[in-house]
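None of the figures in this text is laboratory data; all of them are computed from the coordinates on show. Source: prediction; values computed, not measured. All Cβ positions, even for glycine, are placed from backbone atoms using ideal geometry, and neighbour counts span all protein chains on display.
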Amino acid sequence: MQHVVRNRPSFANIHLQLQRGDRIIAEADAMASMSSTIDMRTRFSGGPVQGLLRRGFGSESMFVNEFSTASEGELVLTQPFLGDIECLELERTSLFLQPGAFIACEPGVRLGLGWAGLRMAIAREGLFRLRVSGRGKVWFGAYGGIFSREVTDEYIVDTGHLVAYEPTIDVRIGMAGGLFSSIFSQEGLVTRVRGPGRIYLQSRSFGGLAAWANAHLW
Amino acid sequence: MIAMSPDFTVETTTRKKRGSGGGLLKGLKRMLAGESLFLNHFTATKPDQTLLVGPRLLGDVIHRRLQGGSMIVQGSSWLASSTAIDIDATWQGFGKAIFSGEGLFWLKCSGEGDLFLSSFGAIYEVEVDGDYVVDTGHIVAFDDTLQFAIRKAGASWIGSFLGGEGLVCRFSGKGRLLCQSHNPPSFGALLGPKLKPR
């Protein structure tokens, strides 16, 4: 299987060449185009209960599509956001993804739900987070560019800018400053991450775009 | 139009639009309202005039030269064309598929001249020789030498609908197909719920 992420960082999309035996699992609605020799099958992600939970509490769909081919073919996958896509190779490791970040993975990667904590829900990041683990490649994306940082001690990230993080990272939601500065600085809630581990950040926040659009609606 | 030199004459003409999708009732309403496509004609009256045009959405802009054949262009992807190219806004090739709506309409561009297209996201070209499948929201333009059929994406209707892919277009034959990497309805579906109600 060959794969390349094109048009980074603004309009990233994944071009895959599948051979017989290759399988790709992708988020619902990720397929932009494909050769007619590619077969697509829809199934629940995890069991039906987990699928429903994802739908209800995360922003992921409860279904995933599985792509395979009897001969060979091309598959183009994308994301709803204009932004970057990152590809990571998991080697019996795992990664936590924010809701909406997951795009696709190889079959050796398991998708599970993790409890993100009540504070995350208050910060409007969702009650659940997606945990990807196992062996194989995982593709995730975000609105804006994606860059990573190795965190050793404590680091502060604006909540809407955190895309993914390794499980060794401890994540807490807190206020940026005191109550007054939190309200007026518009920095609001922030995520305090504590290492060691790697975190993935996005250069733009989708919530920020919505807030800007709302400010212009009247 | 972004900017232009002062010595242009600008005229506006209309083309009747048909089959913009959105269901039978909406279609009827549009027909009664006589919805049309507005085209601006820029004619230079002096030499060395410059005209800058750009689309609304973030994405690519490309140029294609038509040499006698026709291209079917997604309505919001058509940016500009030379006056020798005929634009037919009543093309209804996808009309049979009830759900090909999403506010999409199609233009048949024919003749000899320059065609400028835009997209949401990046444009990639596929030289179709056989069969190729595209999610309908990702089609920018295609040669009308291609045959096409609106199909459900998966093996079953439920699978297609719930798998999020819904309807796709299956192209066959020989010709160029221009696709865009992103599609506005998917982006809008995420942004919409976060916007203030009117």
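Note that the stretch A:81-91 has calculated 3J(HN,Hα) couplings of 6, 7, x, 9, 10, 10, 10, 10, 9, 8, 10 Hz, one per residue in order, obtained from phi through the Karplus relation 6.51 cos²θ - 1.76 cosθ + 1.60 (θ = phi - 60°); glycine and proline are x. Each of residue B:86 and residue A:147 was given a label point 7 Å from its Cα along the Cα-to-Cβ line. The distance between the two points is 5.4 nm.
For residue A:43 and residue B:44, a Förster radius of 51 Å and the Cβ-Cβ distance give a FRET efficiency of 0.30, rounded to the nearest 0.05.
On the basis of the beta-carbon distance and an R0 of 30 Å, residue B:170 and residue B:63 show a calculated FRET efficiency of 0.60. What FRET efficiency, computed as 1/(1 + (r/R0)^6) with R0 = 30 Å and r the Cβ-Cβ distance, is obtained for residue B:53 and residue A:217, rounded to the nearest 0.05? Efficiency at R0 = 30 Å is approximately 0.65. For the stretch A:99-106, backbone phi angles converted through the Karplus equation (6.51, -1.76, 1.60; θ = phi - 60°) give residue-by-residue couplings of x, x, 7, 5, 10, 7, 7, 7 Hz, Gly and Pro being listed as x. Here the Karplus curve 6.51 cos²θ - 1.76 cosθ + 1.60, taken at θ = phi - 60°, turns the phi angles of the stretch B:47-59 into couplings of x, 6, 9, 10, 10, 10, 10, x, x, 7, 8, 6, x Hz, with x standing for Gly and Pro.
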